[in-house]
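Everything on this sheet refers to the single structure shown next.
The values are calculated or read from the model by the stated rules, or taken from the named source; none is laboratory data. Computed from a predicted structure; not experimentally measured. Here Cβ is always computed from backbone atoms with ideal geometry, including for glycine, and neighbour counts include all displayed protein chains.
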Amino acid sequence: MSNEEYEVLVNKAIDNAPNWLKADVEMIVEDANSNNRISYVISELYKRYTFNFTHLFAAMNQNSEWTITSRERLNFIDNNIDLIQFMIKRVQL
């Protein structure tokens, strides 16, 4: 596979990434002035979707939708770390 084909595949993957991930990565990179390493962005994404007050409020209302959504998003983050790294590079440009 040539470099151009690889870039086309990466661009298609980023274009087809979920909107919530694009928005979260953009916001994290813009908020972190010089600390745009992949480890920082992943840790910030985990902070957003691991157990927090949103889970408590959803449980108080007997609504498990947020728990399911956050679990799906954490799973997507775990399985697509390379994609997130390319998204960070694109946002920085």
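Quick look at the values:
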read-out	value
Of residues in segment 44-55 being loosely packed, with under 11 Cβ neighbours inside 10 Å and assigned to a helix (DSSP H, G or I), the one modelled with the lowest pLDDT	F53
Residues being assigned to a helix (DSSP H, G or I) and in contact with a helix residue (DSSP H, G or I) (Cβ under 7 Å, 6 or more places away or on another chain) - total across segment 1-19	3
Checklist (1) modelled with pLDDT of 90 or more; (2) within 24 Å of E7 (Cβ to Cβ) applied to V91, failing item	(1)
Every residue from segment 11-34 that is among the hydrophobic types (A, V, I, L, M, F, W, C), buried (at least 17 other Cβ atoms within 10 Å of the Cβ) and closer than 15 Å to L74 by Cα	A17, L21, V25
